[in-house]
């Protein structure tokens, strides 16, 4: 493994910053303390800072030489609204808030790279260090773009990286094409006619219709979507009624839809709407159909993914760089990839042995109350960021 010695030497300092961020998690668009810490460190290291983009976003600007070429590296800063189960010293100090996805580690890895860039500007061009708020449901990437991220800081390409539990520490994954799914949600309200459960002929039962609709939705992916395409329709909430002997006058269905392409998403939304309207009309009920598109699919561009993988191989060896297995999880870096070419990569977080209790404290999976970022990744992730920027700006890609 070819790590940069100055980054390795500074790892204890960066690990302390990571634990400081972990202990003080902040939810989407509330990352004031975290943004203050990031901006203070960048300023201390002599890196100009732009603040307030996307509400609490921070952009560090590192220039060297005379080239007009530029690249963006992105880390997310926000935490999740969940209670932490860990009891180590850097556990969350705020009830109901936790860094359970490793954004504290993502921020720390980019800070480590920033510290190195400040002293070792071995490139010709500009590196924009994008510390983004509100990835966890707030669409902070979209909001930074709306605020002029890529017009004020024009770049040729943008890169992001997420830690991946279950993937061995010391490994990476980068691939062209879809790597994470679109995230969408629906709410369907079926209105019938309430009545006594013992006299159903006097009512119009929306629960029966809802049950038919849930079953019908399962045929959309199996019978309308091409078998080689991927799609998920999950009804996760059914709400109706207040008493066992009363037929309610309405029933509400909610859930999520995930796809790797907009074309499949369009098809699923259209068929869900058609099925809802037709079936409800057949049963003499009314329907209100709502479908919200949150995050588009995360689709890596081919050149950038191949370039990132080659840089990874130069650091850890080709046998430690994997093809990404696409996941139905979602990521708002997708908005950045809609605006610019780029790659969203994975870095292995290990299997949980890095924690004080090892596996005794429960699983170390993302969005789990026993999760913790593996600080052994810090010099590796930072080395990748530095090598990626240096080699990209030196290339003719």
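The values are calculated or read from the model by the stated rules, or taken from the named source; none is laboratory data. Worth saying up front: this structure is predicted, and the values here are computed from it rather than measured. Glycine gets a Cβ as well: all are built from the backbone with ideal geometry, and neighbour counts include every protein chain shown.
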Return yes when residue 168 is within 29 Å of residue 21 (Cα to Cα), part of a loop (DSSP other than H, G, I, E, B) and either touching a helix residue (DSSP H, G or I) at 6+ places or on another chain (Cβ under 7 Å) or modelled with pLDDT of 95 or more (or both) and no when it is not.
yes
Do we have any residue at all in region 217-234 that's surrounded by 15 or more Cβ atoms within 10 Å (Cβ to Cβ) and more than 25 Å from residue 187 (Cβ to Cβ)?
no
So, in region 148-167, exactly how many residues are touching a residue at least 40 places away in the same chain (Cβ under 8 Å) and more than 20 Å from the chain's Cα centre (by Cα)?
6
When you go through (1) over 25 Å from the mean Cα position of the chain (by Cα); (2) surrounded by 20 or more Cβ atoms within 10 Å (Cβ to Cβ); (3) assigned to a loop (DSSP other than H, G, I, E, B) one by one for residue 7, which number turns out not to apply?
(3)
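Residue 339 - would you say it is crowded, with 18+ Cβ neighbours inside 10 Å, in the same structural domain as residue 132 (by TED's automatic domain parsing) and at pLDDT 95 or above?
For residue 339, the condition - crowded, with 18+ Cβ neighbours inside 10 Å, in the same structural domain as residue 132 (by TED's automatic domain parsing) and at pLDDT 95 or above - is not met.
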When restricted to 60, 54, the only residue in contact with a strand residue (DSSP E or B) (Cβ under 6 Å, 6 or more places away or on another chain), closer than 17 Å to residue 110 by Cβ and modelled with pLDDT of 95 or more is 60
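Okay, residues lined up against (1) surrounded by 22 or more Cβ atoms within 10 Å (Cβ to Cβ); (2) over 20 Å from the mean Cα position of the chain (by Cα); (3) farther than 25 Å from residue 313 by Cα; (4) free of Cβ contacts under 8 Å to residues at least 60 places away in the same chain:
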| residue | (1), (2), (3), (4) |
| --- | --- |
| 3 | no, yes, no, no |
| 43 | no, yes, yes, yes |
| 54 | yes, no, yes, no |
| 59 | yes, no, yes, no |
| 64 | no, yes, yes, no |
| 67 | no, yes, yes, no |
| 82 | no, no, yes, no |
| 86 | no, yes, yes, no |
What residue, among those in region 371-397 that are within 19 Å of the chain's Cα centre (by Cα) and assigned to a loop (DSSP other than H, G, I, E, B), is farthest from residue 120 (Cα to Cα)?
371
Can you confirm whether region 179-190 contains a residue that is assigned by TED's automatic domain parsing to the domain that holds residue 256, outside any loop (DSSP other than H, G, I, E, B), out of contact with any strand residue (DSSP E or B) (no Cβ under 6 Å at 6 or more places or on another chain) and surrounded by fewer than 24 Cβ atoms within 10 Å (Cβ to Cβ)?
no
Residue 50 vs. criteria surrounded by fewer than 23 Cβ atoms within 10 Å (Cβ to Cβ) and within 25 Å of the chain's Cα centre (by Cα):
yes
For the subset of region 342-370 comprising residues that are at pLDDT 95 or above and not in a loop (DSSP other than H, G, I, E, B), which member is surrounded by the fewest Cβ atoms within 10 Å (Cβ to Cβ)?
346
In region 230-256, residues that are more than 22 Å from the chain's Cα centre (by Cα) and farther than 30 Å from residue 198 by Cβ total 0
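Any chance you could count how many residues in region 257-305 are part of a helix (DSSP H, G or I), within 27 Å of the chain's Cα centre (by Cα) and surrounded by 15 or more Cβ atoms within 10 Å (Cβ to Cβ)?
8
Is it fair to say residue 94 is more than 19 Å from residue 334 (Cα to Cα) and in a loop (DSSP other than H, G, I, E, B)?
yes
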Mind telling me which of the residues 308, 330 ends up being touching a strand residue (DSSP E or B) at 6+ places or on another chain (Cβ under 6 Å), surrounded by 19 or more Cβ atoms within 10 Å (Cβ to Cβ), at pLDDT 95 or above and assigned to a loop (DSSP other than H, G, I, E, B)?
330
So residue 38, is it in a helix (DSSP H, G or I), within 21 Å of the chain's Cα centre (by Cα), modelled with pLDDT of 95 or more and crowded, with 18+ Cβ neighbours inside 10 Å:
yes
